[in-house]
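I have placed the structure first, in the form of C-alpha cells, so that the comments after it can refer back to it.
The values are calculated or read from the model by the stated rules, or taken from the named source; none is laboratory data. Everything numeric in this text was worked out from a predicted model, so none of it was measured. Note: ideal-geometry Cβ built from the backbone for every residue, glycine included; neighbour counts use all protein chains shown. To get the accessible areas, we keep the full protein, side chains included, count just its heavy atoms, and leave off ligands, DNA and RNA. Shrake-Rupley method; radii C 1.70, N 1.55, O 1.52, S 1.80 Å.
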Amino acid sequence: YLCTNSYAEEVTYPVDDTSGLGRRFDGIGGLSGGGATSVLLQNYPEQQRNEILDYLFKPNFGASLHLLKVEIGGDAQSTEGTEASHMHNSWDENYNRGYEWWLMKEAKRRNPNILLYGLPWAWPGWIGNGTRDPYTDIELPANYIVKWVLGAKKYHNLTIDFIGIWNEQAYDVKYIKLLRKVLDNNSLQHVRIVAADGGWGIVNDINNDSDLAKAIDYIGVHYPGTESVMSAVQTGKQLWSSEDFSTFNDNIGGGCWARLLNQNYVNGRFTGTISWNLIASYYDALPFARNGLMTANSPWSGSYVVNSPIWMSAHTTQFTLPGWKYMSHGSGVGKLKYGGSYVSLVSPDGKDLTIVIETMSHDHSICVRPPLPAYTVAQQNITINLGGNFAKITEVTAWYSQLRFDGKNDTFMQKVDIKVPNGLIHLRLDVDQVVTITTMKVGQKGRYPNPPPSKPFPVPYKEDFEAYEEVSHPNNFAQQVGVFEVRKSEDTQHGNILRQVVLHSPIHWCPNNLVFPINLIGNFNWTDISVSVDVQIGKENGTDGVFLAARVDKGGCQSFYANGVFFYIFPATKMFYLTYDLSRTQLVAKGSISNLQDGWNNLELIVEGYQLRGSVNGQLTFEHAIDKAPLSGFIGIGTSSYGIADFDNLHIFDTN
Ligand code: 147
C-alpha cells in the first residue's frame, strides 16, 4: 500500500488547517448493558479476565476505548437479560449489585481518563407512582438517577461524565430540565446530559425551548446510518451516534464498524460513536449473538476471541483522544473519489495529526441497520498533500488492516515509518482496507498467548451460592425476567441462597410486559439432562409458585414465549403443573403432591429423549412421555409471578 500503480490516476487530497478546523472529537466507546451483555465476563479466570479487559480498555494496546457506556439496571429484561436496579423499591438502596460497577472500575484502572456514561432501559415499578409512566412524578426518576450518580462516587469512587434519559423510549422535556436541576443541586454540574438515545425528535424540542437547549449538551441518536439531519447540525450541539453497530463480529462486522467510525463524521458530523455492544459476554443462544467488539462467553473454559472490530477501533482510538479536533470537510475530511472515506484529527496543541482512511466495500461492511444504499469501491492511488501547519511534517507512521474473507487476516499491522517529501504522501489503497497515517509514535498491537480452547458448559455442575457476597450475581446464571440475588438465608441450614427479589412489575423496556421471573443456565444444546434444586416460597411477599425447567428454548424480549418442560409447584394448594411453556398455556399434566413440606422442598427433573420424570423430596411425582417439547435448551428456575422465592443447591447431571 505504500507504492502506487504507475498506470492509474492519482487523486490528491489536501490535509490543511489554514481555513480552520471542524468539530471537537468526543471519542469511541462500547456499551455494556441494554442488557446483560457482560454477564459472563466477571467469572473468567483472573488471567484471561485481565487480558480481555486489556484488549478493551488499556491505552495503546487494543480497542483502547475512550468511552464506556453502561446500563443503569432497571430490574427488567433489556435484550440479553435483566440488570438489577440500585433501588428495587423506594425504601431500598444498594450499590453493589450486578457487574457494571466492577466493569467501570476495571476500565478506569486501565485508563483513568475513560469517560463514563449511564443510561436506563427500564425502571423499577415504583418509579411510575402507580402508573406505568416514569414521568408521572418526575421527581422520582430524577432523584433515582442522581442517586445512581452519587452512589457511583460514594461507593466506588467513579465519576460519571454523561447521563442519558430513557433508552429508545419516550423522553419528557420537564423531566430533562428537572434532571439538570437536581444534578446541579447535588454539585454535579460536571455531569453532562445526552438526549435522548432514540431518533431525531429531540431536535425540534431543543429548537423550541431555550431552557431545554441549555439542559442538553449532546444530541445522541441510534443507528443513524452515518447520516444526520440539517436541523440537528444547526443546533451547534455535539452529535453522537450513542448506540451503533449491533452486527455479528466477523470481518463484515469489522468492515461495518470501520466504515461507521469514519463516515459517522464524514456524512453525519457525529463526534462520538458507541458500539452495542462492548463485548459479547452472553450465551450465543440468546438474541444478537456476538454483536460485540469481541467475544468472551465461555468463562468455564477461559476461551475468548479478539474479533476484528477491536482492531478497527484501534486505528482511531490509539492515535487520538477526546478533545482533539476533526479537520474541515474538503481539507482533511471527505469521501474518496473511487470509494471509501478519510478523516483527519488534530491534537489540542495543534502539533499532532492522525489521518484514518477506510475503503470498505458495500457487501463487506453491511451493518444490522439501517439498510446500506449501493455504492462501489475500487483500488485507487491517492496523494495526501499536507498543508498549513502540517506542511513541515517530514515523517509519519502508517498502520494498516486488510480485511479478508478467506480466514486469513491482516489487522492493525505493525507500523511503518514513511518519509514525507514536500508534504506529499502517496498511497495505493486496496478494497476493504483501513490505513492510519499519524505523527503519533505510540500504538501497539497488543498480544497475549492464545487463550485456552473452548469447552462446553461443565457437567456435573453444583452451585450452593456459599462463595458469594450478598446481592451478588452468581456465576453463569443469565436472569431473563426478575432479579435473582445471593442473600443470606434466615435458616442456618441453607447458608446463602439465591432469591428472586422483584416484587412488582417493572416499567419495562421490551415491547412485551414480562411477568414470569426466569433465570437460565447451562448449555443450550443439552437434550438429556437431570437437574435438581431446593426451593422455598418467601414468607413475606412470596410468590404462589416456583418452577424448575429444562430445554428452555429462548430468552430476551421473547422470554414470555419460552418453551421447554416446566415443572411448577404451588405449595399453598399442594399442586404441581407440568407445562410445555413458561406462561403455562400448554399443560402436559397436573396433580397433587403428597409429600410437600413447609418451607424448603427439593425438586428434581430428569429429561431423556421423549421421557420425563419429576420428583419432590426424592419421591416420584410424575412420569410422562413428551411430544411437543423442544429437543434441547437451557436449565431454568423461576417463579409464577413477581414476589419472593428462594433457590439453593442447584445440581445438574448429564444422564448419558
Ligand atoms: C437496540 C437496543 O437499544 C439495544 O439494547 C439492543 O437491543 C439492540 C440490538 O440490536 O437494539 O434497540 C433497537 C431496536 C430496534 C431498532 C433500533 C434499535 N430498530 O428497529 O431500528
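Below are the figures for this structure:
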{"item": "Alpha-carbon centroids, region 286-332 and region 27-73: separation in whole Å", "result": "10 Å"}
{"item": "Under the Debye formula (equal points on every Cα, no solvent term), log10 I(q)/I(0) of region 182-283 at q = 0.20, 0.24, 0.25 Å⁻¹", "result": "-0.98, -1.21, -1.27"}
{"item": "Zero-based 5 Å bins, Cα pair distances in region 601-656, whole percents", "result": "4, 14, 23, 26, 20, 11, 2, 0"}
{"item": "Radius, Kirkwood style, for region 270-407 when every pair of distinct Cα atoms is counted (Å)", "result": "17.7 Å"}
{"item": "Estimated FRET transfer efficiency (TYR375, LYS455; beta-carbon r; R0 30 Å; 0.05)", "result": "0.10"}
{"item": "Alpha carbon centroid spacing (whole Å) that separates region 592-642 from region 229-253", "result": "48 Å"}
{"item": "Solvent-free Debye scattering, log10 I(q)/I(0), computed from the Cα coordinates of region 8-84 at q = 0.23, 0.26, 0.28 Å⁻¹", "result": "-1.12, -1.18, -1.20"}
{"item": "Antiparallel DSSP beta bridges within the chain, as percent of all bridges there, nearest 5", "result": "70 percent"}
{"item": "Accessible area expressed per residue, region 536-583, with surrounding protein chains retained (probe 1.4 Å, Å²)", "result": "33 Å²"}
{"item": "For region 353-495: span of alpha carbons on each principal axis (Å, largest first)", "result": "80, 36, 30"}
{"item": "Considering only region 1-121, percent of DSSP beta bridges that pair antiparallel, nearest 5", "result": "10 percent"}
{"item": "Which listed pairs, of LYS108/LYS181; LYS105/LYS539; LYS181/LYS237; LYS58/LYS174, have C-alpha distances above 30 Å, in listed order", "result": "LYS105/LYS539; LYS58/LYS174"}
{"item": "Contact order relative to length of region 232-325, as percent, for alpha carbon pairs under 8 angstrom and 6 or more apart", "result": "29 percent"}
{"item": "Coordinate range along principal axes, alpha carbons of region 431-508, Å, largest first", "result": "64, 38, 26"}
{"item": "Mean Cα-pair separation over length for region 383-440, i.e. relative contact order, pairs under 8 Å, 6 or more apart, %", "result": "47 percent"}
{"item": "Value of Rg/Rh across region 413-470 [Cα atoms, Kirkwood radius]", "result": "1.34"}
{"item": "Of all DSSP beta bridges in region 66-208, antiparallel share, percent nearest 5", "result": "10 percent"}
{"item": "DSSP-assigned coil residues among trypsin sites (Lys or Arg not before Pro) in region 328-411, each with at most 16 further Cβ atoms within 10 Å", "result": "LYS337, LYS351, LYS392, ARG404, LYS408"}
{"item": "Cα gyration tensor shape for region 299-374, rounded if a/c is under 1.5, else prolate or oblate", "result": "oblate"}
{"item": "Ratio Rg/Rh, restricted to region 236-345 and using Cα atoms, in which Rh is the Kirkwood radius", "result": "1.03"}
{"item": "Length released on extending from ASP211 to ASP363, taking residue separation times 0.36 nm less the Cα-Cα span", "result": "50.3 nm"}
{"item": "P(r) histogram, all alpha-carbon pairs of region 48-87 included - 5 Å bins from 0, percent", "result": "7, 21, 17, 12, 17, 20, 7, 1"}
{"item": "Inter-part distance where region 173-224 and region 494-521 are each reduced to a Cα centre, Å", "result": "31 Å"}
{"item": "Sparse-neighbour loop sites [GluC sites (Glu not before Pro); region 533-631; at most 14 other C-beta within 10 Å; DSSP]", "result": "GLU540"}
{"item": "ASN129/GLU469 FRET efficiency (R0 45 Å; Cβ-Cβ; nearest 0.05)", "result": "0.90"}
{"item": "Cα Rg, Dmax, the chain, angstrom units", "result": "26.7, 92"}
{"item": "5 Å-binned pair-distance histogram of region 94-219 (Cα, whole percent)", "result": "2, 10, 20, 23, 20, 15, 7, 3, 0"}
{"item": "q = 0.09, 0.20, 0.21 Å⁻¹, region 514-655: log10 I(q)/I(0) [Debye, one scatterer per Cα]", "result": "-0.22, -1.21, -1.36"}
{"item": "Cα gyration tensor of region 472-530 - equivalent ellipsoid semi-axes, whole Å, descending", "result": "23, 20, 9"}
{"item": "Ratio Rg/Rh [Cα only; Rh per Kirkwood] for region 569-644", "result": "0.94"}
